[in-house]
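Structure first, then comments.
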Amino acid sequence: MRPLIIRVDPLDIDQQDIKEAAAAIRSGGLVAFPTETVYGLGANALDPEAVAGIFRVKKRPLDDPLIVHVSEDMDIGRFVSEVPENARRLMDKFWPGPLTVVIRKTELIPDIVTAGLENVALRMPSNPIARALIKLAGTPLAAPSANMFSKPSPTSPSHVISDLGDSIDVIVDGGDTDIGLESTVVGFDGEKVLILRPGGITVELIKNAVDSVSVCHGGLKAQESPGKYPRHYSPDARVVPIEMGTGQEIRTKHVADTLRNKGTRFGIMCVSERASLYKGYDVKVLGSEKDPEGCASRLYGVFREFDAENYEVIIAEAIPEHGLGLAIMNRIYKAAGPHSEATPDPA
Ligand code: TXA
Ligand code: MG
């Protein structure tokens, strides 16, 4: 089956085009669509059979719950109950945008969406195509990132086509995504805000908006923790992170030379300011260290480039963990998996 590919200009949306995608959602189909973070693979969140299709085509385990995407015209009281005061505050401040809140669900949300958990993850995306699609579909969309399970999330339509092109109904092509990393996922312990996954809304911004915040990605009970599978967001190549600090260049070269002696095909991923340290090695630049937003938007594309060029190992130099840097390093450590040479939890 070949998907219908609908090209849409995010600055000049043709409602007729979106209507076709919305009709596919209403009839139980699977539609890949752009959000401001990464491409999502959407299905009608209120239709358990449609949602089952998402798990099937992604080869995603049924115990990994999905985010439900809503539009501003929807009454979210139909989907969630017991909304903590701080959840309201964060939604008011950051919606529409790359923030996902995990809140007690109502019966309307099928169990398959939340993998049987009592809470549902809810997000209102800001991408105009995503907003128009959800609105026209007239139903919330359950949508994980539109990649094969455990692969890097797709930041361009070509990534979606290469991972899932044969098994979904529609791809809405809105060009490259803006942020390039997934949304920030927050849960609540009473009024305490738990950052379950750092992402598009920085921890600094969340701390400015509410009093009680703790960063606990990876530290929660397995069942409640997003990205709980040890290797996640990962390219085929093995990722070896090199921590910041004294001697980073020497440590990077030590790993590089060891791999070179073994005949392993490897590349180095670093910021532009450091690329000249590694003349004679294959280097891919993430962006300037002064521009974490640019680095975030390139990360998954660079992972996929290394794979396309058959690299076996990516030596990934760590960058400062402020702003989006925290989310970038979280994804690099997750991609490296639990047994890499340097994988402390970035919390
Ligand atoms: O930016 C994003 O969040 C993108 C776009 C498409 O919206 N979506 C995305 O979805 O990254 P996904 O499925 O790849 O990641 C969602 C994360 C998973 O790690 C999942 O475990 C967690 O959110 N999650 C979903 N529902 C949850 C729940 N009820 N409780 C705790 N964690 C949940
Ligand atoms: Mg994903």
* To do: Rank PRO152, PRO140, PRO96 by mean-square fluctuation in a GNM of the chain with C-alpha springs under 10 angstrom and give only the top-ranked residue.
  => PRO96
* Helix 248-262 axis, angle to the chain major axis (alpha carbon atoms, nearest 10°) -> 80
* Structure fact -> For SER158 and LYS192, extending 7 Å from Cα along the Cα-Cβ vector and measuring point to point gives, in nm, a value of 4.6
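For an R0 of 22 angstrom, estimate the FRET efficiency from the Cβ-Cβ distance between ASP64 and ILE5 and round to the nearest 0.05.
Values: r = 27 Å, r/R0 = 1.24.
Efficiency, rounded to the nearest 0.05: 0.20.
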* Return the single residue from LYS105, LYS253, LYS262 with maximal mean-square fluctuation; model: Gaussian network over the chain, springs between Cα atoms under 10 Å. => LYS262
* Count neighbours as other Cβ atoms within 10 Å of each site's Cβ, and list the trypsin sites (Lys or Arg not before Pro) in the range 41-70 that are DSSP loop with at most 12 such neighbours. => LYS59
* To do: Mind checking which of PHE303, GLY263, TYR278 is farthest towards the positive end of the range 236-311's charge dipole, using Cβ charges of +1 (Lys, Arg) and -1 (Asp, Glu) about the Cα centre?
  => GLY263
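Once a ≥ b ≥ c are taken as the square roots of the eigenvalues of the Cα gyration tensor of the chain, is the result rounded (a/c under 1.5), prolate (a/b larger than b/c) or oblate (a/b not larger than b/c)? Please list the in-between numbers first.
Details: a/c = 1.90, a/b = 1.43, b/c = 1.33.
Prolate.
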* Structure fact -> GNM on the chain, Cα springs under 10 Å; top mean-square fluctuation among PRO157, PRO110, PRO98 goes to PRO110
* **Degrees separating the helix 325-336 axis from the principal Cα axis of the chain, which is the longest one** => 80
* If you plug each phi of the range 313-323 into the Karplus form 6.51 cos²θ - 1.76 cosθ + 1.60 with θ = phi - 60°, what whole-Hz ³J(HN,Hα) values come out, in order, with x for Gly and Pro? -> 9, 10, 8, 10, 6, 5, 10, x, 8, 10, x
* Structure fact -> Expressed in nanometres to one decimal, the distance between label points 7 Å along Cα→Cβ at ARG88 and VAL285 is 4.9
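Mind checking the dipole of the chain: about its Cα centre, +1 per Lys or Arg Cβ, -1 per Asp or Glu Cβ, Debye to the nearest 20? Could the numbers behind the result be given before it?
Working: 38 positive and 48 negative charges, 149 e Å.
Magnitude of the dipole: close to 720 debye.
Ignoring ligands, DNA and RNA, please state the percent of accessible area on the chain from carbon and sulfur, probe 1.4 Å.
Values: 7020 of 14440 Å².
The computed percentage sits at 49.
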* Structure fact -> Compactness summary of the range 238-336: radius of gyration and Dmax from Cα atoms, Å, are 12.4, 37
* Counting helices only, and only those DSSP H runs with n ≥ 4, report the 222 nm mean residue ellipticity of the chain as the sum of -39,500 (n - 2.57) divided by its residues, in deg cm²/dmol to the nearest 500. => -9000 deg cm²/dmol
* Structure fact -> Scalar couplings 3J(HN,Hα) for the range 47-61 by Karplus 6.51 cos²θ - 1.76 cosθ + 1.60 (θ = phi - 60°), nearest whole Hz, x for Gly and Pro, are 10, x, 5, 4, 5, 4, x, 4, 4, 5, 6, 7, 6, 8, x
* To do: Answer with one residue from ILE129, ALA143, ILE54: the one whose Cα lies farthest towards the positive end of the charge dipole of the range 35-149, charges on Cβ with Lys, Arg +1 and Asp, Glu -1.
  => ILE129
* Provide the percentage of antiparallel DSSP beta bridges, counting only those with both residues in the chain; round to the nearest 5. => 45
* Structure fact -> Under 20 Å by backbone N from the virtual spin label 7 Å along Cα-to-Cβ at GLN15, the residues of the range 69-91 are 71-75
* To do: For the range 168-185, take each phi angle, set θ = phi - 60°, evaluate the Karplus expression 6.51 cos²θ - 1.76 cosθ + 1.60, and give the result in whole Hz per residue in order, putting x for glycine and proline.
  => 10, 8, 9, 10, 8, 8, x, x, 5, 7, 6, 7, x, 10, 5, 5, 6, 9
* Structure fact -> If one compares the long axis through the Cα atoms of helix 15-26 with the longest principal axis of the Cα atoms of the chain, the angle in degrees, nearest 10, works out at 80
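The values are calculated or read from the model by the stated rules, or taken from the named source; none is laboratory data. Please read all numbers here as calculations on a predicted model, not as lab measurements. Positions of Cβ are backbone-derived with ideal geometry, glycine not excepted, and every protein chain shown enters the neighbour counts. Ligands, DNA and RNA are excluded from the accessible area calculation, which covers all protein heavy atoms including side chains. Shrake-Rupley method; radii C 1.70, N 1.55, O 1.52, S 1.80 Å.
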